[in-house]
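Some notes on the structure that comes next.
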Amino acid sequence: QGLLPRRTHYAVLPDPEGKRVGSGGATLHVLRYIAQREGEGENPFSGKRILVIHSGGDSRRVPQYSACGKLFSPVPRQLPNGLGSTLFDEFVVGMSGVPSRIPEGMLVLSGDVLLLFNPLQIDFNHQDAAAISIKESVEVGKEHGVFLNDGRNYVGQFLHKRTEERLRALGAVDGRGNVDLDTGAVILSAGLLRALYALISTKGRADETKFSRFVNEKARISFYGDFLYPLAGAATWEQYEKEAAEGTMNEALLACRREIWEALSPFSMKLVCLSPADFIHFGTTAELLGLVTKEVEDYEFLDWKRHVLSTALPQAGFSSRHSYIDKSARVEEGAYLENSYILENSCVGAGSVVSNGRLRGVSVPAGVVVHCLKLLDGRYVARVYGTEDNPKVTLEKDGTFLGSRMAEFLEKNGLSPKMLWKREAAQETDEHSLWFAALYPAAECLEEAIHLGLLVKKMAEGRATEQEVDTWMRSERFSLYESFNRADALWVDVWQRELEYRILVNGFMDALEKGTYYKEALRIFGVRGIGEEIYAMLA
């Protein structure tokens, strides 16, 4: 769409052959791509400033962003061009000051964490690598990764999801109860990149045999667990070989680790603790809901707003983005609407989320997510689940679903587990999780899909009639996993863009009707102005 600067090269690199190769394998894939594009010489990474954003996860804990990708999760801010911001936009804006602070090398980021800081705090010269950290409470740290400072401002140890007691015992907690939090941001020097590339090359040229040994779904090398651990000052081979794997521990991974250890253990990692700085994690549906409803005022300095490109009144007690809300609709406190039409006589309950939906005369209960997708075959699916549900948790571990337990859902409706877990679960896992449960019926139109999706909520409450349960059982149903894999991702973009344009046009026409001078009203469209699509709507 011409939105990215042409003088910078951008590339999207999916894992080879569509297989999960781990974040480390993906990084090696990036190195091979750069070397082959730039010319495989003594050091193809010398003199280059490279940004890598790992963003290949399924977004299981925020399923509404699976199809578009977590990297394009919406952020409650309007960009100068009139469009709504995304996590990717914020990455590009926030990291644009970093290249001036590093002579060469690679900055690696995690695709679901927004790091806010002043780039002038970074001074990356004559170092092998640098871990970007911020001070956070030990309560936050125990849920993430923590760096242990060796006393010389270098990383002594990596401590991933350790208990508070263990963190304190190791000396990772300071007098204020804070730790050096791992933000997922790491800078690697050109020399270290060359050492990594040597793992998959011979005499400076890519070696397919070596590449396939390191980049495959069996080894599933982790960038954070396998590449960074050897850089810690107190790291030992004996502990390294016992470190948890991104996938499963096996001989293929251990063989890779032996070579990685030999290549990287001579290097060290500087600990760069930023202050002031902030760390915003878009990890779960509950976290997202809290950010856009309760905590949005905390980020007013970032120009975050409760309502972005929405017809909602500014004082409304819910939050909305790219949404058209009819005057007769009722949206209760703490709800969040995105990319949706909430039309005549519809109601959205407190603390609920509606995404990519069009509601007309529909009531959404409190505390649920209604997320709509169009499938590649032209049908629609409405995925309905609780805002507190964790799709990763299994039935065996008593996972919750829409206010009750999964086991209770089966019992209330006379269902057996094989009715829900019959296809992809057998291929991917033996565990019965919400992610793989075939719950959501496909329909020919969006409105019918929403009706059938809300029927699932009714079944969870035990209020569905025998006839309704029979209708649900006879329908072709999809899981969260399968529906996102079969989703028409282009439809998501077209749907959101058209809705965005309609809201802009609505605001423009409303301003004119109120007597606003047309040149002033045109500012609604931002620096972009009126494009062909908007002109067609106005015409």
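Observations on the structure shown:
- Taking every DSSP bridge with both residues inside the chain, close to 60 percent are antiparallel.
- Percent carbon-and-sulfur accessible area, the stretch 187-343, ignoring ligands, DNA and RNA, probe 1.4 Å: 51
- In the assembled protein chains, R32 presents an accessible area of approximately 40 Å² (probe radius 1.4 Å).
- Cα long-axis angle, helix 446-460 against the chain (0 to 90 degrees, to the nearest 10): 80
- A simple spin-label model places pseudo-atoms 7 Å from Cα toward Cβ; at V494 and E297 they are separated by 4.2 nm.
- For the stretch 306-387, the share of DSSP beta bridges that are antiparallel, to the nearest 5, is 25%.
- Projecting label points 7 angstrom from Cα along Cα→Cβ for Y517 and E241 puts them 7.7 nm apart.
- Length added when fully stretched, L120-L3, from 0.36 nm per residue minus Cα-Cα: 39.5 nm
- Label selected from (i) 66, 64, 50; (ii) 102, 58, 50; (iii) 85, 50, 50, the criterion being Cα extents along the principal axes in Å as computed here: (i)
- With a Förster radius of 56 Å applied to the beta-carbon distance between V527 and R258, the computed FRET efficiency rounds to 0.55.
- Here the stretch 391-535 exposes an accessible surface that is 49 percent carbon and sulfur, computed with a 1.4 Å probe and the other protein chains kept in place.
- Whole-percent carbon and sulfur share, accessible surface of the stretch 63-180, 1.4 Å: 48
- Per residue, in Å², the accessible surface of the chain once ligands and nucleic acids are set aside, probe 1.4 Å: 46
The values are calculated or read from the model by the stated rules, or taken from the named source; none is laboratory data. What you see is a predicted model, and the numbers here were worked out from it, not measured in a lab. Neighbour counts are summed over all protein chains in view; Cβ atoms, including those assigned to glycine, are modelled from backbone coordinates with ideal geometry. Heads up: the accessible areas ignore ligands, DNA and RNA and are worked out on the full protein's heavy atoms, side chains in. Shrake-Rupley method; radii C 1.70, N 1.55, O 1.52, S 1.80 Å.
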